[in-house]
Amino acid sequence: MKTFTDSTGRSWMLTLNLGTAMLVKDRLGIDLLQPESSREPTLDDPEGQPVLTLLGTDEMLLGQVLCCMLEDQFTKHEVTEVDVRASFDGQTLLAAQKAFYEELVDFFQSRGRNDRAKAVSKQMEMISAAIQAAEAKIDMITTSPLEGDGQTFSGSQEASDLPTSDG
């Protein structure tokens with residue numbers, strides 16, 4: 001059981017068990033107990049990507065999964081799903097994502113499926129590495145041809161740097 005706090009100060013407990021996994025699968029077609037498996041292709045995911053990849057790249061889908069897993073706490077907090085989604089700012093979504101992945105790892109380790117626990121841990125590492133790589137690439141972008149190597153935000157040289165027909 002992992003916890004996180006939303007932007008309004010409410011504390012939430014994420015629990016992965018057979019019941020929550022079945023609820024997520026029934027509602028969203030996502031099998032949390034087979035994170036390496038691919039979901040059936042949809043309009044949003046025509047390739048049928050693995051569940052771990054989808055949840056690591058589609059924040060709205062992750063939000064839907066989280067709401068399913070938290071649904072039994074809505075009454076206690078006297079909130080609706082709309083209220084919960086509204087309280088998930090960037091910081092909350094990051095904390096919830098971390099709690100979600102940690103809960104998956106704990107579940108699979110306790111189930112004796114260290115292969116799946118390692119896959120989830122590796123996904124967490126890959127997300128972090130991808131973010132760092134993207135930040136490094138963005139940091140290399142200059143906004144003026146006077147900075148750096150003359151590359152602008154679009155990655156092209158300024159028109160004034162290009163040869164002209166008169167010289």
>> Given the options L66, L18, L23, name the one that is in contact with a Leu (Cβ under 9 Å, 6 or more places away or on another chain), at pLDDT 95 or above, more than 26 Å from I131 (Cβ to Cβ) and hydrophobic (A, V, I, L, M, F, W, C).
In response: L18
>> Please count how many residues of segment 60-74 are over 17 Å from G19 (Cβ atoms) and either exposed (fewer than 14 other Cβ atoms within 10 Å of the Cβ) or touching a Pro at 6+ places or on another chain (Cβ under 9 Å) (or both).
In response: 1
> Can you name the condition, by its number, that D115 falls short on among (1) surrounded by 13 or more Cβ atoms within 10 Å (Cβ to Cβ); (2) at pLDDT 90 or above; (3) acidic (D, E)?
Replying inline: (1)
> Can we say D58 is over 16 Å from the mean Cα position of the chain (by Cα), over 13 Å from M1 (Cα atoms) and free of Cβ contacts under 8 Å to residues at least 40 places away in the same chain?
Replying inline: no
>> Please go through segment 96-126 and give me each residue that is more than 14 Å from L70 (Cα to Cα), in a helix (DSSP H, G or I) and of a type in the set (G, A, S), ordered by number.
In response: S110, A117, A119, S121
>> Can you report the number of residues in segment 93-109 which are among the polar types (S, T, N, Q) and modelled with pLDDT under 95?
In response: 1
> When segment 75-108 is examined, which residues are found to be over 15 Å from the mean Cα position of the chain (by Cα), buried (at least 19 other Cβ atoms within 10 Å of the Cβ) and within 20 Å of L52 (Cα to Cα)?
Replying inline: V105, F107, F108
> So which of V120, V82 ends up being modelled with pLDDT of 80 or more, in contact with a Pro (Cβ under 8 Å, 6 or more places away or on another chain) and β-branched (V, I, T)?
Replying inline: V120
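The values are calculated or read from the model by the stated rules, or taken from the named source; none is laboratory data. These numbers were taken from a predicted model, which means no experiment stands behind them. Cβ coordinates were reconstructed from backbone atoms using ideal geometry, including for glycine residues, and neighbour counts include every protein chain displayed.
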